[in-house]
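Derivation of every value follows stated rules applied to the coordinates shown; laboratory data play no part. Given the structure is predicted, the values throughout are model-derived calculations rather than measurements. Using ideal geometry, Cβ is built from the backbone for each residue, glycine included, and neighbour counts are taken over all protein chains shown.
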Amino acid sequence: MIMLLDDFRSAADVAQRWRAFSDRVMGGVSEAHAAFAEVQGQPALRLTGRVSLENNGGFVQMARPLGDLDALAFGGLQLRVCGAPGTYFVHLRTADTRAPWQYYGAPLPVSEAWADVFLPWSAFTAVSLSAPLDVRELQRIGLVAAKTAFDADVAISRLELVP
């Protein structure tokens, strides 16, 4: 059983669900841009921007709400991604992540060619909280470029929950 979360085929749907933001919300100077685009022949959401470590910054992100999605019947996430080299992550927020700096994160390998990447729930580690990941109440997912200064460029054309 697979649950499709997004296939990025409709620019209007993508614009309603996904938002881009950066460390500027906390005084940083990184710049984030997210746009619907065709990337290597596939409809996608593309995150570009400049990750800067100035002013204690260091991230750009595009995220979408999931409501209180119960993903207990699934083994993890599968994403079809491509992009420029860099340090990318997937962040999850749950009912346990109350502060903006709390999340569950997993590294996201990105290559220049489209690739399907499976991230099991066990790949996600808690950041700034002690509660283990509870996938019964997933509230938000984000694709993040962070932790090093670089020009981010990553695209996603499919996002799904998989066994």
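General observations
- At q = 0.12 Å⁻¹, base-10 log of I(q)/I(0) for the chain (Debye sum, equal scatterers on each alpha carbon): -0.48
- Dipole magnitude for the chain: about 200 debye, using +1 per Lys or Arg Cβ and -1 per Asp or Glu Cβ, origin at the Cα centre.
- Pairwise FRET efficiency - residue 1 versus residue 134, Cβ, R0 = 25 Å, nearest 0.05: 0.80
- Inter-part distance where the range 112-163 and the range 33-86 are each reduced to a Cα centre, Å: 8
- Length gained when the stretch residue 40-residue 26 is fully extended (0.36 nm per residue, less Cα-Cα span): 1.6 nm
- Start at zero, step by 5 Å, and the Cα-Cα distances of the range 53-113 spread as 4, 12, 20, 26, 19, 12, 6, 1, 0 percent across the bins.
- Within-9-Å neighbourhood charge of residue 64 [Cβ basis; K, R +1; D, E -1]: +2
- For a modelled paramagnetic label at residue 68, 7 Å from Cα along Cα-to-Cβ, the residues of the range 112-134 in reach, with backbone nitrogen under 16 Å, are 134.
- Calculated [222 nm] ellipticity per residue, helices only, for the chain: -1000 deg cm²/dmol; basis is -39500 (n - 2.57) per DSSP H run with n ≥ 4, divided by all residues, nearest 500.
- Per residue convex hull volume, Cα atoms of the range 25-91, in Å³: 137
- In loop segments of the range 45-145 as defined by DSSP, the chymotrypsin sites (Phe, Trp or Tyr not before Pro) with at most 10 further C-beta atoms inside 10 Å of their C-beta are 101.
- Near residue 85, once Lys and Arg are set to +1 and Asp and Glu to -1 for all other residues with Cβ below 14 Å from its Cβ, the sum equals -2.
- The packing ranking, built from the mean of other Cβ atoms within 10 Å per residue, places the peptides 44-51, 32-39, 12-19 in the order 44-51, 32-39, 12-19, highest first.
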